[in-house]
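Trainee: Take a look at the following structure, please.
The values are calculated or read from the model by the stated rules, or taken from the named source; none is laboratory data. Just so it is clear, the structure is predicted and the values come from calculations on it, not from any experiment. Cβ sites come from the backbone with ideal geometry, for glycine too, and all protein chains shown count toward neighbours. All accessible areas refer to the heavy atoms of the entire protein, side chains included, with ligands and DNA or RNA removed. Shrake-Rupley method; radii C 1.70, N 1.55, O 1.52, S 1.80 Å.
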Amino acid sequence: MEYRTLGQGLKVSAIGIGCMPMISTGNIVYGHADDDVSTRTIHEAIDLGITFFDTAEMYGPFSNEELVGQAIKGRRDGLVIATKFAMRWDGDQRVGVDGSPANARRACEGSLKRLGIDTIDLFYQHRVDPNVPIEETVGGMAELVKEGKVRFLGLSEAAADTVRRAAKVHAIAALQSEYSLWERDVEDDILAACRDNGIGFVPYSPLGRGFLAGKIGSLDDLPADDWRRNDPRYSAENMPRNRGIVEAIAAVADRHGVSNAQIALAWLLAQGDDIVPIPGVKRSETLRDSAGAPDVVLSADDLAALAAAAPTGGTAGPRYGEAGMAGVKL
C-alpha cells in the first residue's frame, strides 16, 4: 500500500475507507450490509495495509462508530481513526446543527466510548454551523487536542474563507468534502485554500455514491430504502444524462484492463499528493478493488479525456436536495 501525508504530518494510506455504508440498519442506507461481513472487511483492509478509517456519530446514528470500534479492537496500533460531529441530538433524533465547543466536547467523549479508544486521531466538524463563528468552534476543538482526546483537527464541507479563518485559530490537518469526476466544484477555490494553509484533502463519495463504478443502470438496481433514491443525480431525468461520464471512465478502464472504480480513484490520486480518497465499502470484493487504485498510473491523454468528459459543473442535477445543499460550502 502507498502512503500519503495530510496536513501537519498526518500519514495515512493513500486510500482510506469510508465506513458509512457498513451498518445494516440506520438513517443512511446504501444497499444491503451485514455487520459480520463489514467487520471482516475492516480486518482485511488492515491486512492490506490500509490505515485510514472514517466514521461519524451521525451514521446510524452512533451505531457505525460502535461497529468500527468492535472491529478495530486489538488492532488499534498504527490506525488513523477519523470521526465527526455536527448535530445536537434528542436521543437518536437530530434537532439541529450545533458547532458550539460544548457540543464538540459532548460528541468527542461519546465517540471515544463508542470507538473504544483513548484518542481520536482526526476529529472533524461534519458541517459548519452558520450560527457559531468558526473561530469559536475550532477553539473548542483545540481544547480537546490540548487534553489529549484528539490528535488532529479537520473540517468538512467548509467554504474557502471558512478554511482560512479556521487555520488561524489552530492547525487543520484535513478538509473532507465531496470530490470526484462528477463533483469538481472544490477545484474553484477550496483546494487552493487548503494548499495555502498546508491542509490535506479527503474526498468523500469519490465514486459518485457508486454511480461512477458503472454497476447502477437505473433506480430499480437500488433497494427501496436506499438513500440514493433521493439523490437528484440518480433521478430518472438526470441519470441517463450522467451516463456519459461513466462511459468515458469505462473507455479508460478498458485500456488499462482495470475497473471503473480504480480509474475514478486513480484520477483523484493524480490531482495531488495531498489527496486521499475514502471510498465507501462494505464487502471485501469492493475493498480489494479500491485498494488497487494507487497502482494505476494514468497517462496525460487519460487525464485529459476524463477531464473533458466530466468538466466542472457538467453533471446533471445538484449533488443533494435543497436541504442538503444549504449545509455545504459554508
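Trainee: Being of a type in the set (A, V, I, L, M, F, W, C) and open to solvent by 20 Å² or more (accessible area, probe 1.4 Å): is that true of Ala173 here?
Mentor: Considered against the rule, which asks whether it is of a type in the set (A, V, I, L, M, F, W, C) and open to solvent by 20 Å² or more (accessible area, probe 1.4 Å), Ala173 comes out as no.
Trainee: So, one more: Can you run down the residue pairs with Cβ atoms below 8 Å, 6 or more apart or on separate chains, where the first is in the stretch 256-267 and on the phi > 0 side of the Ramachandran plot and the partner is open to solvent by less than 10 Å² (accessible area, probe 1.4 Å) and of a type outside the set (Gly, Ala, Ser)?
Mentor: Cβ pairs passing all conditions: none.
Trainee: Now for a different question. I'd like the full set of residues that are part of a loop (DSSP other than H, G, I, E, B) and either open to solvent by 80 Å² or more (accessible area, probe 1.4 Å) or charged (D, E, K, R) (or both), limited to the stretch 70-79.
Mentor: Hits for the stretch 70-79 are Lys73, Gly74, Arg75, Arg76, Asp77.
Trainee: While we're here: Which residues, counting only those in the stretch 184-229, are touching a residue at least 60 places away in the same chain (Cβ under 8 Å) and charged (D, E, K, R)?
Mentor: Result: Arg184, Asp185, Glu187, Asp188, Arg195, Arg209, Asp225, Asp226, Arg228.
Trainee: Hey, another quick one. With the requirement that a residue be among the β-branched types (Val, Ile, Thr) and open to solvent by 30 Å² or more (accessible area, probe 1.4 Å), what does the stretch 250-264 give you?
Mentor: Within the stretch 250-264, Val258 is the sole residue that qualifies.
Trainee: Sticking with this one: Pick out the one residue from Ser24, Ser38 that is over 23 Å from Gly200 (Cα atoms), hydroxyl-bearing (Ser, Thr, Tyr), out of contact with any Pro (no Cβ under 6 Å at 6 or more places or on another chain) and modelled with pLDDT under 95.
Mentor: Going through Ser24, Ser38 in turn, just one is over 23 Å from Gly200 (Cα atoms), hydroxyl-bearing (Ser, Thr, Tyr), out of contact with any Pro (no Cβ under 6 Å at 6 or more places or on another chain) and modelled with pLDDT under 95: Ser24.
Trainee: Give the stretch 87-107 a look and list any residue that's within 17 Å of Glu135 (Cα to Cα) and either out of contact with any helix residue (DSSP H, G or I) (no Cβ under 8 Å at 6 or more places or on another chain) or without any contact (Cβ under 8 Å) to a residue 40 or more places away in the chain (or both), or say none.
Mentor: Selection gives Val97, Asp98, Gly99, Ala102, Asn103, Arg105.
Trainee: Right, something else. Given the criterion surrounded by 17 or more Cβ atoms within 10 Å (Cβ to Cβ), in contact (Cβ under 8 Å) with a residue 12 or more places away in the chain, within 19 Å of the chain's Cα centre (by Cα) and assigned to a helix (DSSP H, G or I), identify the matching residue among Ala82, Ala56, Ala45.
Mentor: Ala45
Trainee: Please specify each residue of the stretch 225-244 satisfying the condition of being surrounded by 15 or more Cβ atoms within 10 Å (Cβ to Cβ) and acidic (Asp, Glu).
Mentor: Hits for the stretch 225-244 are Asp226, Asp231.
Trainee: Can you name the number of the only condition in (1) part of a helix (DSSP H, G or I); (2) among the β-branched types (Val, Ile, Thr); (3) surrounded by fewer than 21 Cβ atoms within 10 Å (Cβ to Cβ) that Val95 fails?
Mentor: (1)
For every residue, the table says whether it meets (1) crowded, with 16+ Cβ neighbours inside 10 Å; (2) within 21 Å of Gly214 (Cβ to Cβ); (3) not hydroxyl-bearing (Ser, Thr, Tyr).
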| position | (1), (2), (3) |
| --- | --- |
| Val281 | yes, yes, yes |
| Glu285 | no, yes, yes |
| Ser290 | yes, yes, no |
| Ala293 | yes, yes, yes |
| Val296 | yes, yes, yes |
| Ala300 | no, no, yes |
| Ala309 | yes, yes, yes |
| Pro318 | no, no, yes |
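Trainee: If you don't mind, there's one more thing I want to ask. Hey, among Arg105, Arg114, which residue is closer than 23 Å to Gly16 by Cα and among the charged types (D, E, K, R)?
Mentor: Arg114
Trainee: Name the residue that is least open to solvent (accessible area, probe 1.4 Å), counting only residues in the stretch 2-42 that are in a helix (DSSP H, G or I) and at positive phi.
Mentor: Across the stretch 2-42, the extreme among qualifying residues is Gly9.
Trainee: Hey, another quick one. Pick out the one residue from Gly140, Gly110, Gly116, Gly148 that is in contact with a Pro (Cβ under 6 Å, 6 or more places away or on another chain) and either in contact (Cβ under 8 Å) with a residue 40 or more places away in the chain or open to solvent by less than 50 Å² (accessible area, probe 1.4 Å) (or both).
Mentor: Gly140
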